[in-house]
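Beneath this line is the structure, given in C-alpha cells, with notes to follow.
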C-alpha cells in the first residue's frame, strides 16, 4: 500500500539580462550572490549528476543530490532541509532564451503541505531577486554577500 500525502509546489520566474549559458554558469558559481551556494556559511558543491551538495545558513543544514544537469537549459536536484521536515523535495531550474535575455524558472515541488515548507517561496524569491540584481544592465556586479546584505545579522 502506498502512502499518500498532500504536497506543495512553488514556481518562481525572473528574466535575467544575459544569455542562458552565462545565467546557468552563474547559478552554480558560489562567488555569485543570489544563488544558495553564495549565501552558505559552509558548503560542499559537486555539481554533476549524482553529485552531492550541502550548505548551512544560520545553523540550518540543506542538502541534496543533483539528478539532472543539461547545460545551459536545466538543473534538477533533490532538496532536504529543516523546513521540508526532513523529507526530500525536488528543485528544477530551467533557463529559456528570450532574445538576448533568459527566462529563469525555478520550480520547487514535493514539499510537505506544512507552514514551515511554505517559507520556501519567500526564500527562493529572495535568492532570485538578488541573483537578477547581479546582472543589472547585462553585466555582473562585483560585490560580496556581506556587502550586498549589510543589514543582515551576522
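The values are calculated or read from the model by the stated rules, or taken from the named source; none is laboratory data. No experiment lies behind these values; they were computed from the predicted model shown. Positions of Cβ are backbone-derived with ideal geometry, glycine not excepted, and every protein chain shown enters the neighbour counts.
Give the residues of the range 100-134 that are surrounded by fewer than 17 Cβ atoms within 10 Å (Cβ to Cβ) and assigned to a strand (DSSP E or B), sorted by residue number.
103, 105, 107, 109
Being out of contact with any strand residue (DSSP E or B) (no Cβ under 7 Å at 6 or more places or on another chain) and not in a loop (DSSP other than H, G, I, E, B) is the filter here, so list the residues in the range 33-48 that pass it.
Within the range 33-48, the first condition is being out of contact with any strand residue (DSSP E or B) (no Cβ under 7 Å at 6 or more places or on another chain), and the residues that meet it are 33-35, 38.
Listed by number, the residues that qualify are 33, 35, 38.
Quick grid of which residues meet (1) within 14 Å of the chain's Cα centre (by Cα); (2) at pLDDT below 95; (3) closer than 15 Å to residue 9 by Cβ:
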{"residue": "64", "(1), (2), (3)": "yes, no, no"}
{"residue": "97", "(1), (2), (3)": "no, no, no"}
{"residue": "107", "(1), (2), (3)": "yes, no, yes"}
{"residue": "110", "(1), (2), (3)": "no, no, yes"}
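Among the residues in the range 14-32, are any part of a loop (DSSP other than H, G, I, E, B), in contact with a helix residue (DSSP H, G or I) (Cβ under 7 Å, 6 or more places away or on another chain) and surrounded by 18 or more Cβ atoms within 10 Å (Cβ to Cβ)?
Looking through the range 14-32, at least one residue is part of a loop (DSSP other than H, G, I, E, B), in contact with a helix residue (DSSP H, G or I) (Cβ under 7 Å, 6 or more places away or on another chain) and surrounded by 18 or more Cβ atoms within 10 Å (Cβ to Cβ).
A quick yes/no check of all residues on (1) more than 15 Å from the chain's Cα centre (by Cα); (2) modelled with pLDDT of 95 or more:
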site: 6; (1), (2): yes, no
site: 41; (1), (2): yes, no
site: 60; (1), (2): yes, no
site: 67; (1), (2): no, yes
site: 79; (1), (2): no, yes
site: 86; (1), (2): yes, no
site: 102; (1), (2): yes, yes
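If you check every pair at least six apart or on different chains, which have Cβ atoms under 6 Å apart with a residue in the range 89-107 that is within 13 Å of residue 71 (Cα to Cα) first and a residue that is at pLDDT 95 or above and part of a loop (DSSP other than H, G, I, E, B) second?
The qualifying pairs are 95/72; 95/73.
Before we move on, is residue 11 modelled with pLDDT of 95 or more and assigned to a strand (DSSP E or B)?
Values: modelled with pLDDT of 95 or more: yes; assigned to a strand (DSSP E or B): yes.
It is true that residue 11 is modelled with pLDDT of 95 or more and assigned to a strand (DSSP E or B).
Is it fair to say residue 145 is surrounded by 13 or more Cβ atoms within 10 Å (Cβ to Cβ), in contact with a helix residue (DSSP H, G or I) (Cβ under 9 Å, 6 or more places away or on another chain), at pLDDT 90 or above and closer than 15 Å to residue 37 by Cβ?
Taking the combined requirement at face value, the residue does not satisfy it.
Which pairs do you get when a residue that is under 16 Å from residue 92 (Cβ atoms), found in the range 119-136, comes within reach of a residue that is loosely packed, with under 14 Cβ neighbours inside 10 Å and at pLDDT 90 or above, reach meaning Cβ atoms under 9 angstrom, with the pair 6+ apart or on two chains?
So the pair list comes out as 128/13.
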